Structure formats: C-alpha cells, structure tokens
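Engineer: Structure incoming, see below.
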Amino acid sequence: PLVTSKELFTKAYANKYAVGAFNVNNMEIIQGIVSAAKTENAPLILQVSAGARKYASPIYLRKLVEAAVEDSNLPIVLHLDHGESFDICKQCIDDGFTSVMIDASHHSFEENISITKKVVEYAHSKGVVVEAELGRLAGVEDDVQVSEKDAIYTNPEQAAEFVQKTGVDSLAIAIGTSHGAYKFKGEPNLDFERLQEIAKLLPNFPLVLHGASTVLPEFLELCNQYGGDIPGAQGVPEEMIRKATQFGVCKVNIDTDLRLAMTAAVRKELFADPKNFDPRKYLAPARTAIEEMVRHKIVNVLGSDNRI
Ligand code: G3H
Ligand code: 13P
Ligand code: NA
Ligand code: ZN
C-alpha cells in the first residue's frame, strides 16, 4: 500500500537502519528501484522533485507510483522532495502524496519555522507527514573552516527548537553532504560530532541525510570509458552512510547514483551495438543496472533488507 513514513521511521530508528529515498523521473527508474526492494523485502520511499514533476508531469509520476504499489504490494511512501513553498506542498498533499518536504532552509530561522509550521498544520489535518530542512547543503566541501561550519551546518540547539516549534515529523540536516556528483575535493569528511549532538537533543526523532549518493566508481568508469566526461566525481563513502544510520538517520536520499547507473548502462549499450535504435534494448539494461545498484544499497549500505 501507499503509506506514510511514520511507522517505517519508528522501526528504522529502533533498529538503526535507514529507508532508501530514491528520486524518480520515469518508468524504468521506478521499475528498477521497486524490483530491487521487492527482491530484498525492503520498505521504500519514492520521491519526486519539482524538476521531476515538470519533466514527466505530475499525473504520470503519480500513476506510475500507484502502479508500482499495486504491482509490488510493498509499503511505499510517495514523497515530495524539496518542496519550496506551502502551495506546492498543498498541491501534492491534495494529489495523494503521503509525505512532503518543505525546504525553507534558505530563509531565516524564524521564517523557516513559520513556513514549516503552516505546512505541518495542513499536512497533519490530511494524515500526511512532513520533512523540513535546517542548515545548508549546497557548495559544502571538506575544507570548510570551523567558523563557517557553524554558519551553514545544522546547529544542534536550533534543530531541537525547530522540531519542538514546528511539530515536523523528520528533519534534514547539514553535516557536510551536498547534492550531485562532486561532493568533496579532497578527503571526504562529515561532521559526525554534530550529528551525534543533534541526535542526543532529539531522541527518537528521525533525521534525514540529503546528498547521500556514494558515486559508485564502476559507473563513473563506464561513463568515462564510453564517451562520457565526468572527471573527479566523488560521493560519500559507504562506511559514512552506514555510520550515519547508527545516529538517528532514518532516511537516506539518493538521486545521483541512479543517474550514473542509468547513464553508464545506456552509454555502454549504444557503444556495443551501433545499429541498435530500439529504446527498449538500451533502457532494459539501464533498468537492470538501477535494480542491481539499489539492491546493493539496501543490503550493504542502508540495512533495510527484510524489514517488512
Ligand atoms: O535534490 C536534488 C535532487 O537530486 C533532485 O534533482 O531537482 O534536478 O530533479 P532535480
Ligand atoms: P544525491 O545528489 O547525493 O543523490 O542527493 C539526492 C538528494 O538529496 C535528493 O533530495
Ligand atoms: Na526529501
Ligand atoms: Zn536533497
């Protein structure tokens, strides 16, 4: 069934694993992810960004996710990723989403609280859960100075105050991850002391890690081998994601790794058979690449296998 993340997070928190939240844009991506979760008996969050809604149109994505639920019989959350306003959150809630993210993290602390609170009030009246964000992700690198960290990373005391004042159901935090394929220039580094401090002040409360792709080397190599140009990409090491799940992180967001898996497979297929112009013949391998990658994440990184 289509479910909220409430029970999924309670179980994940208690057992120190995380539910994978995967960004979806089309049928093959959804099918690859869902097959993996089905094989591994894993709960699943399928999330849709504003860009995804623009690309596929909201109704196609919604119907594809409905098909995935019906076909797989898995507990699946349909989540809005990075909702930038009350209006887009309301639209998704009215459309049948079971979870929305209001990302007002670029506003002041007080504004973030008031926007988030408004979304929480509406969402909860409809039985929908809300994720919010405190702190900044973009452009963060490992050479960030301590004083800068305090300005952009999530402040633990503020996190506790934010949750208490908004009544939000989960919180995305900034501890050094960032979106995309270029997360670190030098050695990867996350602020685990900060994460532990946040977790201590928010007991039994689910935290969310955005920008959590690991940028698998095998896909980078395939892309670069078959005509791509993605030099110097680096993700969060798997070990760090595993560690984060030990400190209250119950939702791990993954988009970049899906993009890389799909692109690597399509490049490889088209290169291998220049006469192929049947999209099914390069999208089926892309779907399989996604499926295998997601199974690996579920079993070896998130620990969400056999949790249904
Ligand atoms: O947070 C970013 C996600 O990877 C979604 O990306 O806005 O390009 O769809 P997008
Ligand atoms: P990645 O770019 O690391 O996959 O992060 C995705 C994300 O946080 C979506 O909200
Ligand atoms: Na999200
Ligand atoms: Zn994100």
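Engineer: Out of all DSSP beta bridges in the chain, what portion is antiparallel? Express it as a percent rounded to 5.
Structural biologist: On the way: 0 of 30 bridges.
Once the DSSP bridges in the chain are tallied, antiparallel ones form about 0 percent.
Engineer: Once all Cα-Cα distances of the stretch 83-156 are split into 5 Å bins that start at 0, what whole-number percent is in each one?
Structural biologist: Going from the shortest bin to the longest, the percentages are 3, 16, 25, 18, 14, 11, 7, 5, 1.
Engineer: Largest first, please: the extent of the C-alpha atoms of the stretch 194-293 along each principal axis, to the nearest Å.
Structural biologist: Extents along the principal axes, in whole Å: 59, 27, 15.
Engineer: In square nanometres, what is one fourth of the surface area of the convex hull spanned by the alpha carbons of the chain? Display every interim value, and only then the final one.
Structural biologist: Working: hull surface 59.2 nm².
That works out to 14.8 nm², a quarter of the Cα hull's surface.
Engineer: Now for a different question. Mind putting a number on the dipole of the stretch 1-119 about its Cα centre? Charges go on the C-beta only, +1 for Lys and Arg and -1 for Asp and Glu, and I need it in Debye to the nearest 20. Walk me through the numbers before you get to the answer.
Structural biologist: Working: 11 positive and 14 negative charges, 37 e Å.
The calculation lands at about 180 debye.
Engineer: Based on the mean of other Cβ atoms within 10 Å per residue, sort peptides 85-95, 28-38 so the most packed one is first. Write out the running numbers ahead of the final one.
Structural biologist: Numbers: 85-95: 17.0, 28-38: 24.0.
Sorting 85-95, 28-38 by mean packing, highest first, produces 28-38, 85-95.
Engineer: For a label point 7 Å from the Cα of residue 60 along Cα→C-beta, name the residues of the stretch 245-262 whose backbone N is under 19 Å from it.
Structural biologist: 259, 262
Engineer: Also: Could you name the lysines in cross-link range of residue 297, using Cα to Cα under 27 Å and dropping any fewer than eight places away on the same chain?
Structural biologist: Reachable lysines: 6, 11, 16, 38, 63, 183, 185, 200, 243, 251, 268, 281.
Engineer: Here's another thing I want to ask about it. Can you give the relative contact order of the stretch 1-160 as a percent, counting alpha carbon pairs under 8 Å and 6+ residues apart?
Structural biologist: Details: 233 pairs, mean separation 31.7, N = 160.
This gives 20 percent for the stretch 1-160.
Engineer: Could you tell me which of 304, 144, 106 has its Cα farthest along the dipole of the chain towards the positive end, charges placed at Cβ (Lys, Arg +1; Asp, Glu -1), taken about the Cα centre?
Structural biologist: Going by the Cα projections, it comes out as 304.
Engineer: Let me ask something else. What translational diffusion coefficient, to the nearest whole µm²/s, does the stretch 134-226 have by Stokes-Einstein, given a Kirkwood radius computed over alpha-carbon pairs, a temperature of 20 °C and 1.002 mPa s viscosity? Write down the numbers at each step before the final one.
Structural biologist: Working: Rh = 14.4 Å.
Estimated via Stokes-Einstein, D reaches 149 µm²/s.
Engineer: Still on this structure: So which aspartates and glutamates can residue 90 reach, going by Cα to Cα under 12 Å and dropping same-chain residues fewer than 8 places off?
Structural biologist: The qualifying aspartates and glutamates are 121.
Engineer: When N is the residue count of the stretch 11-105, what does its C-alpha Rg come to as a fraction of 2.2 N^0.38 Å?
Structural biologist: Values: Rg = 13.2 Å, N = 95, 2.2 N^0.38 = 12.4 Å.
Against the compact-globule rule of thumb, the ratio is 1.07.
Engineer: Taking the Cα centre of the chain as origin and charging only Cβ (+1 Lys, Arg; -1 Asp, Glu), how large is the dipole, in debye to the nearest 20? Write out the running numbers ahead of the final one.
Structural biologist: Values: 32 positive and 42 negative charges, 145 e Å.
Approximately 700 debye in magnitude.
Engineer: Right, here's the next one. Sorted by average packing, counted as other Cβ atoms within 10 angstrom per residue and highest first, what order do 147-155, 209-217, 13-21 take? Walk me through the intermediate numbers first.
Structural biologist: Working: 147-155: 16.2, 209-217: 22.8, 13-21: 21.0.
Output ranking for 147-155, 209-217, 13-21: 209-217, 13-21, 147-155.
Throughout, read-outs are computed from the coordinates displayed, never taken from laboratory work. Remember, it's a predicted structure, so these values are computed and weren't measured experimentally. Ideal geometry is used to build each Cβ from the backbone, glycine not excepted, and the neighbour counts take in all protein chains shown.
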